[in-house]
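The values are calculated or read from the model by the stated rules, or taken from the named source; none is laboratory data. Keep in mind the model is a prediction, meaning the values are calculated, not measured. A quick note on method: Cβ atoms are made from the backbone with ideal geometry, for glycine too, and the neighbour counts reach across all protein chains shown. Just so you know, the surface numbers come from the protein's heavy atoms only, side chains and all, with ligands and any DNA or RNA stripped out. Shrake-Rupley method; radii C 1.70, N 1.55, O 1.52, S 1.80 Å.
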Amino acid sequence: MNSILQQDLNDFENILEKAKQQGIEFLNNLDTISTSNKATTDPNQMLNEFGLGSLETLKEFNERLAPLMVSSPGPRYLGFVTGGSTPASIAGDWLASIYDQNTQAIKAQGGASALIEFETINLLLQLLALPDTFLGGFVTGATMSNFTCLGVARQWFGKQSGKDFAKEGISETIHILTATPHSSSVKCLSMLGIGSQNYTVVKTIEGNREAIDVIDLEEKIKQLNGKPFILISSAGTVNTADFDDFTAIGKLREKYNFWWHIDAAFGGFAAVSDKFKHLVEGWEGADSITIDCHKWLNVPYESAFYLIKKEHVSLQIETFQNSNAPYLGNPLENFNYLNVLPENSRRLRALPAWFSLKAYGKEGYKDIIENSTALALHFGNALIEAEGFELMAPIRLNNVCFTLKGNHNQENVSEFLARLNDKGKVFMTPTVYQNRKGIRASFVNWRTTEHDIKIIIEEMKETLLDLDI
């Protein structure tokens, strides 16, 4: 064994202890760590001939790279719908790395990691009040979850005319209907060979809405003259957390032939709260659903899962199976995740979610969801009271979409947000809503409190004064 590697092995406990203490120090100081950072480092580093060893490498990391880190897990990081990892999920994530399982087969010799994943999906179905008619698995994020679901939808579409797109390639136009798709869904259409521009936009409900106008949807369906199609609907749009009417869409399913996919990356967690579960009423009728765990479930990044009706498992296997690996056996008889997902190599990504679900239960997550939504309303009210700002849409759940008051201030929105973020106390993201520049604040972090709202509002007022707006 290499001498430095042997030295690290002998000093392993000390190495992990130092890494643990550094992690604890970072998490304990999230309030004081900047939410943005313009510092840089030279990426053109030379690879050391013999290696530094773990402790010297940690030292270099602390000198050059750690100062670049921002408090994205912190309570005032309101961009990108980013949750902060719970203590239990961090423990699960560390153990996932330590056990280093390649999570694949249910009947694998010497490992039960796929069974842990099955169990975690079952827990999530209970949390979201969804039936066990869905088969699920973990992927890196909403993009890969959408990719998995829409990949199976693509195979379904081909089967409607007796074709196997997975084997033969796409040989006809795939009809996609959607109103306000997330950019990740559009990206998936590109990756799946359907085309990022090849979808029909359905009108949204009149007024300040982003949800599908079901009347226009049926009109667009009739224009297809009985041809099958794929519907991409939303449970929580990016700007205003708007929801399509799933009950109405379910009724259309009784009349027309289509694959129904719901992008519920963060909005699906509305099901956890009695106050908001009406927003997802009827979603159990969908063929596939995307949920992102590193958002409102508050687990570390690279954690999302897909849900696809079990009745479609044959299509799923046709889409993703390793057909040139006969040693894996019959994929229907010997379940293996590599036959139902894009990835062959997979870490035990379910473990952080399993730890957090077990640790905090239904009530714990209900509290997180209801605290986030209450804070969103509190922030919206504080914006109105502060003057200088206006809401661009109603606050339906946890996203607050707002802008500077008055059309004459549209030219100042970008500069205002840049200066606000540069202060390092809060981070929010820009948006465009109904052809106006705006700002989006997303509340999903379990650490956020009303005190954080107070700090944010004060920073925003100071920024207005700095710009003399």
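Observations on the structure shown:
- Against the conditions (1) modelled with pLDDT under 95; (2) of a type outside the set (A, V, I, L, M); (3) farther than 21 Å from residue 10 by Cβ, residue 50 satisfies every one except (3).
- When residues of the stretch 343-358 are limited to those that are open to solvent by less than 60 Å² (accessible area, probe 1.4 Å) and either hydrophobic (A, V, I, L, M, F, W, C) or at pLDDT below 95 (or both), the one nearest to residue 294 (Cα to Cα): 353
- Qualifying residue in the stretch 260-267 (condition: over 27 Å from residue 446 (Cα atoms), surrounded by fewer than 24 Cβ atoms within 10 Å (Cβ to Cβ) and touching a helix residue (DSSP H, G or I) at 6+ places or on another chain (Cβ under 8 Å)): yes
- The condition (being buried (at least 17 other Cβ atoms within 10 Å of the Cβ) and over 29 Å from residue 293 (Cβ atoms)) is satisfied by just one residue among 421, 398, 407, 412: 412.
- Of all residues in the stretch 434-448, those that are in contact with a helix residue (DSSP H, G or I) (Cβ under 8 Å, 6 or more places away or on another chain) and either without any contact (Cβ under 8 Å) to a residue 24 or more places away in the chain or open to solvent by 20 Å² or more (accessible area, probe 1.4 Å) (or both) total 3.
- Of all residues in the stretch 222-236 being among the hydrophobic types (A, V, I, L, M, F, W, C) and more than 21 Å from the chain's Cα centre (by Cα), the one that is surrounded by the fewest Cβ atoms within 10 Å (Cβ to Cβ): 224
- Per-region count, the stretch 449-466, residues in contact with a helix residue (DSSP H, G or I) (Cβ under 7 Å, 6 or more places away or on another chain), more than 17 Å from residue 74 (Cα to Cα) and open to solvent by 40 Å² or more (accessible area, probe 1.4 Å): 2
- Tally of residues being over 11 Å from the mean Cα position of the chain (by Cα) and crowded, with 24+ Cβ neighbours inside 10 Å across the stretch 282-298: 4
- Filtering 361, 329 for residues that are at positive phi, of a type outside the set (Lys, Arg) and at pLDDT below 95 leaves a single hit, 329.
- All of 252, 217 fail the test of being aliphatic (A, V, I, L, M) and under 30 Å from residue 403 (Cβ atoms), apart from 217.
- Subset of the stretch 57-87 [within 19 Å of the chain's Cα centre (by Cα), farther than 13 Å from residue 296 by Cα and of a type in the set (S, T, N, Q)]: 71, 72
- Those residues of the stretch 33-55 which are of a type in the set (Gly, Ala, Ser), surrounded by 15 or more Cβ atoms within 10 Å (Cβ to Cβ), within 35 Å of the chain's Cα centre (by Cα) and in a loop (DSSP other than H, G, I, E, B), in sequence order: 34, 36
- Among the candidates 421, 407, residue that is farther than 30 Å from residue 364 by Cβ, touching a strand residue (DSSP E or B) at 6+ places or on another chain (Cβ under 9 Å), at pLDDT below 95 and among the polar types (S, T, N, Q): 407
- Selection within the stretch 385-414: residues that are assigned to a strand (DSSP E or B) and in contact (Cβ under 8 Å) with a residue 12 or more places away in the chain. The member of this set that is nearest to residue 234 (Cα to Cα) is 399.
- Among the residues listed as 270, 264, the single one being in contact with a His (Cβ under 9 Å, 6 or more places away or on another chain) and among the small types (Gly, Ala, Ser): 270
Listed here are the residues, each with its yes/no results for (1) open to solvent by less than 50 Å² (accessible area, probe 1.4 Å); (2) closer than 26 Å to residue 271 by Cα; (3) part of a strand (DSSP E or B); (4) out of contact with any Leu (no Cβ under 9 Å at 6 or more places or on another chain).
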| residue | (1), (2), (3), (4) |
| --- | --- |
| 74 | yes, yes, no, no |
| 80 | no, yes, no, yes |
| 83 | yes, yes, no, no |
| 95 | no, no, no, no |
| 107 | no, no, no, yes |
| 117 | yes, yes, no, no |
| 132 | no, yes, no, no |
| 136 | yes, yes, yes, no |
| 143 | yes, yes, no, yes |
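- Check on residue 156, open to solvent by 30 Å² or more (accessible area, probe 1.4 Å) and among the hydrophobic types (A, V, I, L, M, F, W, C): no
- Of all residues in the stretch 341-397, those that are of a type in the set (S, T, N, Q) and within 20 Å of the chain's Cα centre (by Cα) total 4.
- Residue 161 vs. criteria surrounded by 14 or more Cβ atoms within 10 Å (Cβ to Cβ), small (Gly, Ala, Ser) and farther than 30 Å from residue 460 by Cβ: no
- Of all residues in the stretch 1-58, those satisfying the criterion of being in contact (Cβ under 8 Å) with a residue 40 or more places away in the chain, polar (S, T, N, Q) and closer than 20 Å to residue 72 by Cβ are 22, 34, 35, 36, 37.
- For residue 363, the conditions (1) surrounded by fewer than 24 Cβ atoms within 10 Å (Cβ to Cβ); (2) touching a residue at least 24 places away in the same chain (Cβ under 8 Å); (3) within 20 Å of residue 83 (Cα to Cα) are fulfilled apart from (2).
- Unique residue being at pLDDT below 95 and open to solvent by 10 Å² or more (accessible area, probe 1.4 Å) when the list is 239, 257: 239
- Test: residue in the stretch 209-217 that is of a type in the set (A, V, I, L, M) and free of Cβ contacts under 8 Å to residues at least 12 places away in the same chain: yes
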